[in-house]
Every structure is written in C-alpha cells, then in structure tokens.
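*Asks:* Below are the structure tokens for one structure; questions will follow.
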There are 2 protein chains.
Amino acid sequence: MSDDPGGGTTVFIGLKPTMTYVFQVVTQLNSGSGPVVVKARGNAIGKAVDVVEVVRRRFLEGQVELGAIAIGTERLTNREGREANVSSISIPLTRTGPLPPAGTAVGPEPPASDPP
Amino acid sequence: MSDDPGGGTTVFIGLKPTMTYVFQVVTQLNSGSGPVVVKARGNAIGKAVDVVEVVRRRFLEGQVELGAIAIGTERLTNREGREANVSSISIPLTRTGPLPPAGTAVGPEPPASDPP
C-alpha cells in the first residue's frame, strides 16, 4: 500500500491471500482518504480483479464506483538478470456512499437481527 | 471465437498458448469484420491482458484502439456440481489504421529491406 500524490492510495496485489487485499481496500475506502487504485502485474492480475469484485459485490455493494481500468506493459529484470515484459493492470475504485462511523469493523453488512 | 450480434467478434481466452490467441485477434482485426472483444474468466484473465498487450504493442502498434475494459463476476457450476463465483474481464479492441491488403501474412512489420 502506498500514498498517491493525487490523494488516495494504491494497493499492490501480490502473493498474499485475496481476502488480505480485500480488507486493505475496504479499510482504505472506509477511512475517507479518497480513491483507491488496485494495481497488479503478471500472475497477480487475475487476483486484482477478484479483489475488486469481492469489494464491490460483497463488502461495499452499491457504495463503490469503478473508474477507467488501464492495462499496460512493464519491463522488468528477472532473477537471472534478463529483461522481460510483464503485463499490468490498474483498477481505480471510489466510494460513493456515506462513510461508516469511525471504528466500524470491516465486514459485509450483518443480517438484520431479530428483536428478542 | 464467436460472432457478436453487434458486428465484430469475441475471442475467448482459454488454455492454449498466448500466441495462438494473439494470431486469432490480429487475423480478426485485419479481416475488416469490425471490433474484437477479448474475454476471459478466472485464471485466464492475466493471459487476456498479455494477448491484448502483445497485439497492440508488437503486431499492430499504433493501429489499434483499446475500448472500455469491463470486469464482472459469473456464477459457474464446477466439476463437483457446486456453484462458484468466478471473475471475468472483457477488453474491446478496434482497428484504427488502414487494413492490410488481403492475403497479407500475420506478423510484425518486417524491417525495411536493403535494396540490392
């Protein structure tokens, strides 16, 4: 995770489990610090799409807007010291609904509890 | 590959090598049959981005325009008969440059040959 000069945060998707990144993104969007850009390269591109889909369909349904998705190619030096092209993706998310009260636990909306 | 009712073609990315799909997409874009939508689900999402990047940066550089990339979630029944959510991506490509003469082989631009 890193700060973006234009306000907002970037979450880089790597080798951790999908839900680790889902919680990072939800926490950032709930903190009110602005848009979050989910970025990934190579093998992690599919996981980046999973993270965004879980955030917008399960955790923050109807409260988040997808920006223009960008794809690109980066030139990296691999472990053997050779240059290789690797694809990348960048998916911007903005919160549209009201922010939750500070200190609210991250999680999907709980079902309405039956009154006793 | 399948025809799209709105004109144009869809190329579904699966288990074949990346270059197989690159050639399919380039051939379709060169045939003049309209835009091509590259689609993939789950593990193939990263390969779909690779295919589009190779087409637009190596084979048809400056001759192809990326449309609005869409992501989504589909509900599939897996081999054990259970339902599972799987992420999907859809990347539209349009040819902007002039079409090559019919019968031109698919390939990157050859280097200018030295006159004898």
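The values are calculated or read from the model by the stated rules, or taken from the named source; none is laboratory data. In this text the structure is predicted, and so the values were computed from the model without any measurement. As a convention, Cβ positions derive from the backbone with ideal geometry for all residues, glycine included, and neighbour counts pool all protein chains shown. The area values use the complete protein model at the heavy-atom level, side chains included, leaving out ligands, DNA and RNA. Shrake-Rupley method; radii C 1.70, N 1.55, O 1.52, S 1.80 Å.
*Asks:* Residue by residue through the range A:33-39, what is 3J(HN,Hα) from phi via Karplus (6.51 cos²θ - 1.76 cosθ + 1.60, θ = phi - 60°)? Round to whole Hz and write x for glycine and proline.
*Replies:* 8, x, x, 10, 10, 8, 10
*Asks:* If R₀ is 35 angstrom, what is the calculated FRET efficiency for the pair residue A:23 and residue B:10, using the beta carbon separation as r and rounding to 0.05?
*Replies:* In this case the efficiency is close to 0.50.
*Asks:* Using a 7 Å offset from Cα along the direction of the beta-carbon, what are the separations from residue B:90 to the same position in each other copy, nm, ascending?
*Replies:* Inter-copy label distances (nm, one decimal, shortest first): 2.5.
*Asks:* Now a separate question. Quick one: label points 7 angstrom along Cα→Cβ at residue A:79, distances to the other copies in nm, smallest first?
*Replies:* Between copies, matching label points for residue A:79 lie 2.8 nm apart.
*Asks:* About its Cα centre, how strong a charge dipole does the range B:2-95 have in debye, to the nearest 20, once Lys and Arg get +1 and Asp and Glu get -1 at the Cβ?
*Replies:* 200
*Asks:* Rank A:65, B:80 by accessible area, highest first, at a 1.4 Å probe radius?
*Replies:* B:80, A:65
*Asks:* Full extension from residue B:80 to residue B:33: what is 0.36 nm times the residue separation minus their Cα-Cα distance, to one decimal in nm?
*Replies:* Numbers: separation 47, 0.36 × 47 = 16.92 nm, distance 3.95 nm.
That works out to 13.0 nm of additional length.
*Asks:* Which residue is it, in chain A, whose C-beta lies closest to the A-to-B rotation axis, and what is that distance in whole Å?
*Replies:* In residue-and-Å form, the answer is A:69, 2.
*Asks:* If you don't mind, another one. Taking the label point 7 Å from Cα in the Cβ direction, how far apart in nm is residue A:15 from each other copy of itself, listed shortest first?
*Replies:* For residue A:15, the other copies' label points sit at 2.7 nm, shortest first.
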